Amino acid sequence: MKCDPTLYRAAPPSLAVKPRLIRHLFLPPLVILLMIGLGYAGFWISEHNGIRTLSENGQRQLELHARAVESEISKYTYLPSLLELESSVSQLLGDPSPEHRQTVNQYLEGLNRRSRSRAIYVMDTTGRVLATSNWRDVDSYLGEDLSFRAYYQNAVRGQPGRFYGIGSTNGEPGYYLAHGLEEQGKIIGVAVVKVRLEALEERWQRARLEAFVSDENGIIILSSDPARRLKSVRPLSEDTKERLARSLQYYWFPLNELEPLARERLAEGVEKLTFPANTELVSDDKAISYLSQTRPLSDTPWSFTLLTPLQDLRREAINQGILVAVAFALVAFLLIAWNERRKVIATRLAAREALQEANSQLERRITERTADLRASNERLKSQIRERRQAEETLRRAQDELVQAGKLAAIGQMSTSIAHELNQPLAALRTLSGNTVRFLERGALDTASANLKTINELIDRMGRITASLRSFARRGDDQGQASLTKAVDAALQILNARIEPLPLQVHRDFTEQVLQIDQTRLEQILVNLMGNALDAMQAQAAPELWLEGEPGDGKYRLRVRDNGHGIDLEARKHLFEPFFTTKPGEQGLGLGLTLSASLAAATGGSLGVEHPASGGTAFVLSLPLASPIQAEPI
Ligand code: ADP
């Protein structure tokens, strides 16, 4: 079974290849790009969300620790104002005698011990220290002029003095709280308490907290990381640097900037700072980023800054980004695989559908063709039936015609036959009369000779009638015939017509056994030779050639005469029944038709040739029944 190839609707190769090529070329880079893009987006979102969460948590931490710093500072704010109530202090300020000074020194010493501050001292309005808790120490402030200190300048003006500074005598950092001592609405001196806030730094370090406190100049005065101490959180102009250096607020320490590698402002008081890594903890990284949250400390011009490391967050965000990228790659891979599988299934389904369609079309066609074939088979059968009937009718008609032809021939020949028989009968009558007389005379020899002649004559008459009988008898299509015998029989039948003629018969054929009934062959030859005799009636030297030649399993016998030939018009109608040129009762026009029919019935043929030398030749071709025998006649 062959399927119709047009049923497979394949796309043209050029069109089918192109999208696939484009897909294969561009899909992998696209997937990789999307992977990177989505990975980065995942990282970015995760980092931002993390920063938001961190800053929310940080805000609480900031509040907590800033309050701790505020409370640490406010613990001492009452101390300087307390001295206002102390009468010995006001006496000293009114009369700075050595007795008063000693009294206050001792009082301050005791107060300082109890309050756990670093030092407490009292200055007059010129800024000179009149009494101090550390009066016993060698680096005591006693008698020192501290009027240049900002806390003194604020306090003497009646403002709270808040000041971070490094001691000008011992270089020790401290927090100075100053208060203007009033008497009757007038400032008579300044009380100062110096406290140390290093405990805060230690607390931060213990809690692993990264934080610092910067003062009004932006200088870090307290820091969990000692490296950041006395660094400036914002750029310092040269003027400021000089001014601060002159004020000796930070002693002689150089004031450098904190210099973060990157600074990104996220919100009010919230920054992202990146510092170069310089601690051992993060030595494997080049830089460390912090979320920096700053809040001003109440009651002071200072700010508290909490630093939250973003390292873990960043690592987490990178992991998230990688996770997103991998998840996307997995989904993309699954989608591509699913798509490919879908296409394969679709192609298979399409092929199956096409095959089914082809099959059903084929079946339809087969059904149609079978129906057609059945119909044409039926037609053929009926045609065969009709043809058989027609053949039967024709055969019957042919038989009738043959018979009619024979009867006609007999009719035609009856005169000749009568003549043929009358002649020997007359001879017989004479001979028998003579024989009786010769017997009466005793001439036995002559009588015997006459009787012999009588015998011969009777034989001849018997042969004539036998020929006629066999010609008239209905033959059949089966049987074999001897060519020589048939020619002899035909010549015998026609003898009556041949005898008066000076006819020359040329026999140029070999004996053959032909596939035809003997009688039918004789009938054909009688017809052909009879016609030749008719044509040669006016011929002075009539000649009849009987020439044979084998070929293609057949034997061709040419019956040629030198008669008048056949005119052009007559040639067209020779084999038509009842076509005759013979006048009156002489011709029936059946001889050639019947002969041709008889020859054709055996698988042979009858044809005509018109030799250039004149006359006519009829070629009878009949199938051979046996191999050719080269037997001369
Ligand atoms: P019929 O002999 O009764 O006319 P045929 O069928 O035998 O019928 O012959 C048909 C015609 O063919 C003849 O009338 C004659 O004109 C022509 N014919 C047949 N044989 C010859 C021949 N050998 N030579 C010339 N004409 C012939």
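FYI, it's all coordinate maths here, none of it is from the lab. Note that this is a predicted model, so its numbers are computed, not measured. FYI the Cβ positions are ideal-geometry reconstructions off the backbone, even for glycines, and counts take in every protein chain you see.
Regarding the chain, what are the three Cα extents along the principal axes, ordered largest first, in Å?
Principal-axis extents of the chain (Cα, largest first): 240, 43, 41 Å.
For a quick check: sort Met123, Met35 by the number of other beta carbons within 10 angstrom, fewest at the front. All intermediate terms of the calculation are to be shown ahead of the outcome.
Working: Met123 27, Met35 17.
Going from sparsest to densest Cβ surroundings: Met35, Met123.
Which one of Ala287, Leu355, Leu248 is farthest out on the positive end of the charge dipole of the chain, using unit charges on Cβ (Lys, Arg +1; Asp, Glu -1) and the Cα centre as origin?
The one lying farthest along the dipole's positive direction is Leu355.
Can you list residues whose amide H is under 5 Å from Glu543's amide H, if they're 5+ apart or on another chain and H is modeled 1.01 Å from N?
Gln504, Asn562
Amide H of Val608 versus every other amide H placed in the peptide plane: which residues, excluding those fewer than 5 positions away on the same chain, fall under 5 Å?
Val619
Determine the percent antiparallel among the DSSP beta bridges restricted to the chain, to the nearest 5. Walk me through the numbers before you get to the answer.
On the way: 76 of 83 bridges.
Of the beta bridges lying entirely in the chain, close to 90 percent run antiparallel.
Could the peptides 296-307, 447-458 be put in order, highest first, of the mean number of other beta-carbon atoms found within 10 Å of their residues? Could the numbers behind the result be given before it?
Details: 296-307: 19.0, 447-458: 14.6.
Per-residue Cβ counts within 10 Å, averaged per peptide and sorted highest first, yield 296-307, 447-458.
Rounded, prolate or oblate for segment 167-255? Axes are the square roots of the Cα gyration tensor eigenvalues, ordered a ≥ b ≥ c, and the cut-off for rounded is a/c under 1.5. Write out the running numbers ahead of the final one.
On the way: a/c = 2.34, a/b = 1.38, b/c = 1.70.
Since a/c reaches 1.5 but b/c is at least a/b, the shape of segment 167-255 is classed as oblate.
What size of dipole, in debye to the nearest 20, comes out for the chain about its Cα centre when the only charges are +1 on Lys and Arg C-beta atoms and -1 on Asp and Glu C-beta atoms? Spell out each step's value before the answer.
On the way: 76 positive and 77 negative charges, 253 e Å.
That gives the chain a dipole magnitude of about 1220 debye.
Would you mind ranking Ile336, Ile566 so that the residue whose beta carbon has the fewest other beta carbons within 10 Å leads the list?
On the way: Ile336 14, Ile566 18.
In order of increasing Cβ crowding within 10 Å: Ile336, Ile566.
Given only helices, namely DSSP H runs of n ≥ 4 each adding -39500 (n - 2.57), what is the per-residue ellipticity at 222 nm of the chain, to the nearest 500 deg cm²/dmol? It would help to have the intermediate numbers written out before the result.
Working: 13 runs with 330 residues, N = 633.
Here the helix-only value at 222 nm equals -18500 deg cm²/dmol.
Quick one: which of Lys194/Lys231; Lys381/Lys572; Lys231/Lys272 span more than 25 angstrom between C-alpha atoms? Mind showing how you got there, number by number?
Numbers: Lys194/Lys231 22 Å; Lys381/Lys572 35 Å; Lys231/Lys272 18 Å.
Pairs exceeding the cut-off: Lys381/Lys572.
How do Leu439, Leu92 rank when sorted from fewest to most other Cβ atoms within 10 Å of their own Cβ?
Values: Leu439 15, Leu92 25.
Lowest to highest Cβ neighbour count: Leu439, Leu92.
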